[in-house]
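Read the structure below first, then the notes.
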Amino acid sequence: MSAAVPVIASGVGGLPEVVRDRETGLLWKTRPPRWPRRRQLAGDPAFARRMGQAARRAVIENFTVDRMVRRTMEFITRCSHDGSLSRAVVRIADRQFS
């Protein structure tokens, strides 16, 4: 996605949260999975290009290091009653990324 290439992925687990079907890539739910989707992309290069560009924008908007760290810290803070766990993680992160 960060290379502006549409993704063809299985529509299970957490993948549908990342790949939006027919917007940033194509999801399949049954077998045989990929061949019809590959033909769909190969048959419509403009559609594939638009999805690739949307995929790149989604990565830039949603999956930066800063945003992922912030979301992880928010999750840890919610899991920690007094916030001490999140402070410990911040100290570790500061050492790792300094």
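The values are calculated or read from the model by the stated rules, or taken from the named source; none is laboratory data. Here the structure is a predicted model, which is why all the values come from computation and not from measurement. Quick reminder, even Gly has a Cβ in these numbers, built from the backbone with ideal geometry, and neighbours come from all protein chains shown.
One table, with the values for the structure above:
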read-out	value
Any chance A54 is at pLDDT 85 or above and touching a Lys or Arg at 6+ places or on another chain (Cβ under 9 Å)	yes
Contacts under 6 angstrom Cβ, first residue in the stretch 34-59 being free of Cβ contacts under 8 Å to residues at least 40 places away in the same chain, partner aliphatic (A, V, I, L, M), 6 or more apart	R34/I8; R37/I8; R37/L26; L41/A48
Considering residues of the stretch 41-51 that are aliphatic (A, V, I, L, M) and either modelled with pLDDT under 90 or not assigned by TED's automatic domain parsing to the domain that holds R20 (or both) only, the residue farthest from A9 (Cα to Cα)	A42
Only one of D66, D82, D94 that is at pLDDT below 85, of a type in the set (D, E) and in a helix (DSSP H, G or I)	D94
